[in-house]
Amino acid sequence: MNVAVAKTGSGRAVSDVFASAQGRLPGSAAIAEARRQAFETYERLGLPHRRIEEWKYTDLRALVGEVLPLAATPDAAALSRATEAVKAQAFAGARKLVLVDGVFAPELSDLAALGPEISLTTLREALDKDAGGDLLKTASTDAMISLNAALATDGVVLAIRDGAQLSVPVQIIHVATVSSASVVTRSQLRIGNGARVTIIESFAPAATAGAYQVIDALILSIGDDADVAHIRLMDDAPDAVNVTSAIVTIGARTKLNLFNMTTGAAVSRLQGFITLAGEGSTLAANGVNLLRKTEHGDTTLVVDHAVPGCTSRETFRAVVDDRGHSVFQGRIIVRPDAQKTDGKMMTRALLLSDEAEADNKPELEIFADDVSCGHGATAGALDDSLLFYLRARGLPEKEAQALLIQAFVGEAIEEIADDGLREHVIGLAERWLEARK
Amino acid sequence: MPLLEVKDLKVRVEEREILHGLTLTVNEGEVHAIMGPNGSGKSTLSHVIAGKPGYEVTDGQILFKGEDLLEMAPEERAAKGVFLAFQYPVEIPGVATMNFLRTALNAQRKARGESEYSTPDFLKKVREVSKSLNIPQDMLKRGVNVGFSGGEKKRNEVLQMALFEPSLCILDEMDSGLDIDALRIAADGVNALRSPKRSMVVITHYQRLLNYIVPDVVHVMSRGKVVKTGNKELALELEASGYAQFEDAA
């Protein structure tokens with residue numbers, strides 16, 4: 001095969017990034033081979049760009065240019081810099097699992113509190129034991145998933161036992177302390193039959209960090225009759241990049257609430273590939289993008305109804321100020337057997353400035369005939385008549401706007417069932433709004 | 001000093017003049033009715049007093065307690081004591097009524113340099129007023145006006161009037177869309193707020209409302225001006241003879 005060498009903007013070949021990292025990447029011989037193959041796939045494709053349909057609105061070649069060298073393994077100083085960020089991100093009462101610069105940090109994590117229903121290993125340990133190389137294999141040929149497989153340094157591998165009823169959330173906190181380096185993690189969460197759990201995943205920088213790149217993957221598989229919430233809060237540094245790929249498989253009669261809120265990073269994309277693989281399940285995949293300055297935030301969801309009788313709802317809200325750019329792409333696939341599918345998505349963008357931009361691309365691919373599917377999209381400014389009503393009642397303009405924006409994003413947040421967590425997320429959105437005043 | 005003085009007010013909307021030199025004086029404690037046919041400029045007057053964007057004042061003045069109202073943002077006017085009860089109160093999904101009431105009240109108090117209401121005092125007051133207006137508590141938990149009937153929306157306006165304690169209330173077509181029972185409840189609420197310290201401007205097309213809220217002074221508006229001023233008997237006269245006579249006078 002003739003592989004053209006992909007040069008990055010600075011002339012550094014991406015293969016150099018891989019080559020220089022290879023010596024310290026964990027894994028068995030089979031994993032090393034899986035990495036090599038994944039890297040080959042990536043190298044053939046290069047950074048996604050606008051001529052690839054799925055990446056039309058998020059041209060990483062133009063927005064990001066190059067993949068930065070892998071971050072160094074954090075030393076004691078890095079861990080100490082991460083401590084403040086962990087404290088700021090920690091949701092009260094949650095059991096924390098902390099990754100610093102892409103490496104699991106047991107000293108910052110609540111290992112003792114995990115209890116018998118949760119088993120934890122690090123990806124690093126799991127890769128070393130993985131004789132088949134399966135942990136890094138996915139069916140996807142997406143360039144960023146391949147790059148992640150090639151370079152993943154660590155992550156958490158969590159298994160929640162069948163029937164576990166966890167009233168306290170598990171929170172995975174990703175902290176970056178580096179500058180001009182990439183952080184590549186992959187986590188695998190396996191949730192047993194009948195289990196009930198809330199998982200929070202937070203991304204944030206230490207005070208010193210900047211211009212780093214997060215290339216993350218989440219492999220989430222859920223059994224039957226489970227009740228799961230995954231709440232992702234991405235608040236990476238204002239000049240950082242975060243590209244996260246989530247591959248989710250849902251069993252039968254399971255309830256899953258996926259929620260993402262983007263309040264950080266100069267360029268971000270969350271791409272979710274969600275398969276409803278068991279009958280009678282209910283999925284809510286909701287999200288909020290809060291963007292300002294020149295921030296670019298992309299949420300791309302592919303919801304695959306592979307079996308009959310499942311319900312999916314996507315509620316997405318974008319608030320875009322200054323010259324921000326929000327992207328929502330939602331595809332619902334209904335396979336030929338997936339009769340009685342009920343799939344709907346609604347995406348709305350609120351543009352707070354003349355230069356703000358929002359792209360909404362809903363797609364339905366329906367191969368069954370007895371289904372109920374729909375989508376809707378709106379984009380516009382705040383309603384003047386509502387603003388005037390609030391101001392006529394004494395609210396200053398910015399406060400009136402803030403109240404309306406909160407109400408607007410609230411529609412995507414309200415399905416978070418845990419009262420404390422929902423209030424926490426609302427608080428984070430309010431903090432973003434405060435910065436407008 | 002009069003509470004409200006509108007002097008020779010000329011107002012345009014998109015190049016078209018709607019008010020052609022309107023003059024109106026309201027003293028403290030008085031209830032004025034402004035009657036007139038559709039398109040005479042009644043609602044424009046109420047919007048300009050409240051500060052709604054989109055109106056261009058080309059001439060004249062509005063003084064409130066001697067201060068130039070036109071220089072103030074809508075929220076400043078509210079904090080000074082101007083209250084417009086909307087003809088069509090808007091629905092605000094996602095903003096719980098209770099949260100809205102508290103936020104608005106505290107914003108006004110903050111602007112006046114007053115301390116914020118304590119939560120128990122606020123709740124007590126809301127409960128008291130909502131009970132007298134026949135507003136069920138669960139309505140206050142819903143989004144502002146969301147799913148409210150016409151009567152409930154108007155009662156919600158009166159509830160706010162009672163909470164904010166303005167010195168000038170402008171009631172824009174309060175009777176539109178209300179049946180007699182709903183009208184009576186809303187009007188009773190308004191009457192309970194009449195006080196020597198509070199003035200009201202009741203804008204209406206029909207005399208009917210004035211059976212419930214009896215004015216001290218009645219003005220007839222036609223084609224962007226006040227063309228006749230009298231006592232409450234004038235409203236009855238109008239009911240009998242209609243507005244046609246004034247269309248010519250303007």
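The values are calculated or read from the model by the stated rules, or taken from the named source; none is laboratory data. Note that the structure is predicted; figures quoted are calculated from it, not measured. Cβ: placed from backbone, ideal geometry, glycine included. Neighbour counts: every protein chain shown. For the accessible areas, the whole protein counts, side chains as well, though only heavy atoms, and no ligand, DNA or RNA atoms are used. Shrake-Rupley method; radii C 1.70, N 1.55, O 1.52, S 1.80 Å.
Assorted remarks:
- Note on segment A:324-365: with neighbouring protein chains present and a 1.4 Å probe, carbon and sulfur make up 42 percent of its accessible heavy-atom surface.
- Cα-based Rg / Dmax (Å) for segment A:9-278: 17.6, 53
- Exposure of B:MET72 as accessible area (Å², to 10), given a probe of 1.4 Å and all protein chains: 20 Å²
- Burial here means at least 20 square angstrom less accessible surface with every protein chain in place than with the chain by itself, probed at 1.4 Å; in segment A:363-391 the buried residues are A:SER385, A:LEU386, A:PHE388, A:TYR389, A:LEU390, A:ARG391.
- Pairs of alpha carbons in segment A:235-373 whose separation is greater than 25 Å (percent): 29 percent
- Electrostatic dipole magnitude of segment B:105-231 [Cβ: Lys, Arg +1; Asp, Glu -1; Cα centre; debye, to 20]: 240 debye
- Kirkwood-Stokes translational diffusion coefficient of segment B:18-148, alpha-carbon pairs, 20 °C, 1.002 mPa s, µm²/s: 124 µm²/s
- For the chain pair B and A, the interface hides roughly 1800 square angstrom of accessible area in total, found with a 1.4 Å probe.
- Binned Cα-Cα distances of segment B:108-162, short to long, each 10 Å bin given as a whole percent: 22, 49, 26, 4
- Accessible area of segment A:9-278 divided out per residue, in Å², using a probe of 1.4 angstrom: 35 Å²
- Beta bridges from DSSP with both residues in segment B:2-249: antiparallel share about 60 percent, rounded to the nearest 5.
- Antiparallel %, DSSP beta bridges [both residues in the protein assembly as shown], to 5: 20 percent
- The equivalent ellipsoid of segment A:289-437 has semi-axes of 33, 17, 14 Å, largest first, where each one is the square root of 5 times an eigenvalue of the Cα gyration tensor.
- Spin-label model, A:ALA211 to B:SER149: label points 7 Å out along the Cα-to-beta-carbon direction sit 6.6 nm apart.
- Using heavy atoms of the protein chains and a probe of 1.4 Å, the accessible area assigned to B:PHE83 is about 0 Å².
- FRET efficiency, 1/(1 + (r/R0)^6) with R0 51 Å, evaluated for A:ILE366 and B:GLU239 via beta carbons: 0.25
- Given charges at Cβ of Lys, Arg, Asp, Glu: the protein assembly as shown dipole, positive-most of A:PHE328, B:PRO53, B:ALA244: B:PRO53
- Dipole axis of chain B (+1 Lys, Arg; -1 Asp, Glu on Cβ), positive-most option in B:LEU70, B:ALA235, B:LEU163: B:LEU163
- Expressed per residue, the C-alpha convex hull volume of the protein assembly as shown stands at 193 Å³.
- Solvent-accessible ranking of A:ARG161, B:ARG208, largest area first, probe 1.4 Å: A:ARG161, B:ARG208
- Partners for B:LYS153 among lysines (Cα-Cα distance below 17 Å; same-chain residues under 8 apart left out): B:LYS131, B:LYS141
- Residue separation of A:GLU355 and A:LYS129 scaled by 0.36 nm, minus their Cα-Cα distance, works out to 76.2 nm of gained length.
- Each residue was assigned an accessible area with a 1.4 Å probe, and for A:GLU53 the value is about 90 Å².
- The fraction of accessible area contributed by carbon and sulfur in chain B is 47 percent, rounded to a whole number (1.4 Å probe; ligands and nucleic acids excluded).
- Averaged over its residues, segment B:2-249 has an accessible area of 43 Å² per residue, based on protein heavy atoms and a 1.4 Å probe.
- Between B:GLU67 and B:ASP188, the distance separating the two model label sites (each 7 Å from Cα on the Cα→Cβ line) works out to 3.6 nm.
- Measuring spread by the Cα atoms of segment A:11-161 yields a radius of gyration and Dmax of 17.3, 51 Å.
- When the other protein chains are added to the chain by itself, burial of at least 40 square angstrom of heavy-atom accessible area (probe 1.4 Å, ligands and nucleic acids ignored) affects these residues of segment B:64-96: B:PRO74, B:GLU75, B:PHE86, B:VAL90, B:ILE92, B:VAL95.
- By the combined test of axial Cα extent (at least 18 Å) and Kyte-Doolittle hydropathy (mean at least -1.0), the qualifying DSSP H helices of chain A come to A:29-45, A:76-89, A:397-413, A:419-434.
- Heavy-atom accessible area ranking, 1.4 Å probe, most first, across B:MET35, B:MET98: B:MET98, B:MET35
- Using the 1.4 Å probe convention, the accessible area of segment A:294-354 works out to 31 Å² per residue with neighbouring protein chains retained.
- Charges were assigned to the Cβ only: +1 to each Lys and Arg, -1 to each Asp and Glu. The resulting dipole of segment B:2-249 about its Cα centre is roughly 740 debye.
- The charge dipole of the protein assembly as shown, taken about the Cα centre with unit charges on the Cβ atoms of Lys, Arg (+1) and Asp, Glu (-1), comes to about 660 debye, rounded to the nearest 20.
- Pairwise Cα inverse-distance average, inverted: Kirkwood Rh of chain B (Å): 18.6 Å
- The sum of -39500 (n - 2.57) across all DSSP H runs of n ≥ 4, divided by the residue count of chain A, sets its helix-only mean residue ellipticity at 222 nm to -7000 deg cm²/dmol.
- Over chain B: helical MRE at 222 nm, DSSP H runs n ≥ 4 each giving -39500 (n - 2.57), nearest 500: -11500 deg cm²/dmol
- Protein accessible area in segment A:9-278, 1.4 Å probe - carbon and sulfur %: 53 percent
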